[in-house]
Amino acid sequence: MRFPQHLANKTIAVSGLATGDNPQPGVPVIRSLREAGFTGRIVGFAYDSLEAGIYVDNLADDIFLMPYPSSGIDAFLARMQQIVAQAPIDIVIPTLDSELLTYIRLQSKLEALGIHTFLPTEDQFRLRDKTCLARCFDDEDIRVPHTLMLNEVGQLAREDIRYPVFVKGALYEAYRANTIAEAAALFHRISAKWGLPILVQEFVQGEEFNICCVGDGKGNLLGMVPQRKLIITDKGKGFGGVVVDNPQLNEFTRKVVASLRWRGPCELEVIQRADGVFFLIEMNPRFPAWVRLATGAGQNLPAMVACLALGEDVEPFTTCHAGTMFIRHSEDIIANIQTMGQLSTQYMLRKEKR
């Protein structure tokens, strides 16, 4: 889709500018907006002055450092008030799990500042949480692997845990464990980094798919692009993938979005067992880092979400180009350390208007 000309002077803020072996979605979201013909101002929200996307040429026009979500809602809102006093913002597309609940709870106060979003409700957000997902679907066609929430490493010896399993953090990281000893090591490793609880999920053997989609909040899909991973890192992250045409997978995705009446972007992680049965492994409540593949396949979902945030009517995407693929690569970004120093001391980088 092309960005509407009457919105060309708007300002869009996007978070999640880190790249590397576990990239955040902000950079591909911004590139998708530009590829849709958006000519307005783009603001990057960063949590660390070393997020690589800060220093990419022709990406964000302004950069503002944000307080970490753990700082609390009051600190976040105060920072937003400071920012809009210097650079008014029309739309925010948050891309990190850890910040979404803050944005959801502050939607009305953000709107009072002139900032619009297109996000799920708090109830929807909590239903798709890894700790709740296994018990939130009434539709018997939507299966979720048996999942347990553990707070003590000794619970790994429970009789209802059959190895191999996946050991997961509540927000980030997931690894396969073939034995109790491997699971215990992962329990300590993940909890030291992300805290408790730790999730242990039944291992489902089959073909893995990831689906990037946008729901309208009424049970309808506005866009959907499924991909199969071609290159996987040691952290299980996809560094290459290809768009697939699987009508049964598409129907499964529609059922999940309809059941939750999901509003906004999301990513489904799905496994199709050898007998054809689908299992919903996770539902991430934001764009994935591979969202630019959806743009390349004919569905510019970030541009759609920006329009929806402003109440624009949009036509649902009905097709995507199967066979479109992506391969991620790394590159060295050259910048002056004074730029980082300015950001670290002034908490912002302002650039001349394009």
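Residue by residue, here is whether (1) under 30 Å from Q124 (Cα atoms); (2) at pLDDT 95 or above holds:
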| residue | (1), (2) |
| --- | --- |
| P247 | yes, yes |
| N250 | yes, yes |
| S259 | yes, no |
| I281 | yes, no |
| A297 | yes, yes |
| V305 | yes, yes |
| K351 | no, no |
| R354 | no, no |
- Which condition does G20 not pass, out of (1) touching an Asp or Glu at 6+ places or on another chain (Cβ under 9 Å); (2) of a type outside the set (S, T, N, Q); (3) not in a helix (DSSP H, G or I), if it passes all the others? (1)
- Query: Quick one: how many residues across segment 149-172 are buried (at least 17 other Cβ atoms within 10 Å of the Cβ) and either outside the structural domain of I198 (by TED's automatic domain parsing) or under 21 Å from the mean Cα position of the chain (by Cα) (or both)?
  - Reply: 5
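Could you check segment 71-121 for helices (runs of 4 or more DSSP H) lying wholly inside it with 2 or more residues that are farther than 22 Å from R286 by Cα, touching a residue at least 60 places away in the same chain (Cβ under 8 Å) and aromatic (F, W, Y)?
none
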- Query: Any idea which residue in segment 48-70 is farthest from P28 (Cα to Cα), counting only those that are of a type in the set (S, T, N, Q) and in a loop (DSSP other than H, G, I, E, B)?
  - Reply: S49
- Can you pull out the residues in segment 282-309 that are β-branched (V, I, T) and within 17 Å of F118 (Cα to Cα)? V291, V305
- By my count, helices (runs of 4 or more DSSP H) wholly in segment 277-349 with at least 2 residues that are surrounded by fewer than 14 Cβ atoms within 10 Å (Cβ to Cβ) and over 23 Å from the mean Cα position of the chain (by Cα) are 337-346
- Output for Cβ contacts, cut-off 9 Å, separation at least six or different chains, first residue aromatic (F, W, Y) in segment 128-154, second modelled with pLDDT of 90 or more and outside any strand (DSSP E or B), reads F137/V144; F137/K255; F137/V256; F137/S259; F137/L260
- Query: Do any residues in segment 6-29 that are buried (at least 24 other Cβ atoms within 10 Å of the Cβ) have Cβ atoms under 7 Å from those of residues that are of a type in the set (D, E), where the two are at least six apart or on different chains, and which pairs are they?
  - Reply: I12/D90; S15/E99; L17/E51
- All positions within segment 40-67 that are touching a Phe, Trp or Tyr at 6+ places or on another chain (Cβ under 8 Å) and surrounded by fewer than 18 Cβ atoms within 10 Å (Cβ to Cβ): P67
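The values are calculated or read from the model by the stated rules, or taken from the named source; none is laboratory data. Everything numeric here is computed off the predicted structure, so don't read it as measured data. As a convention, Cβ positions derive from the backbone with ideal geometry for all residues, glycine included, and neighbour counts pool all protein chains shown.
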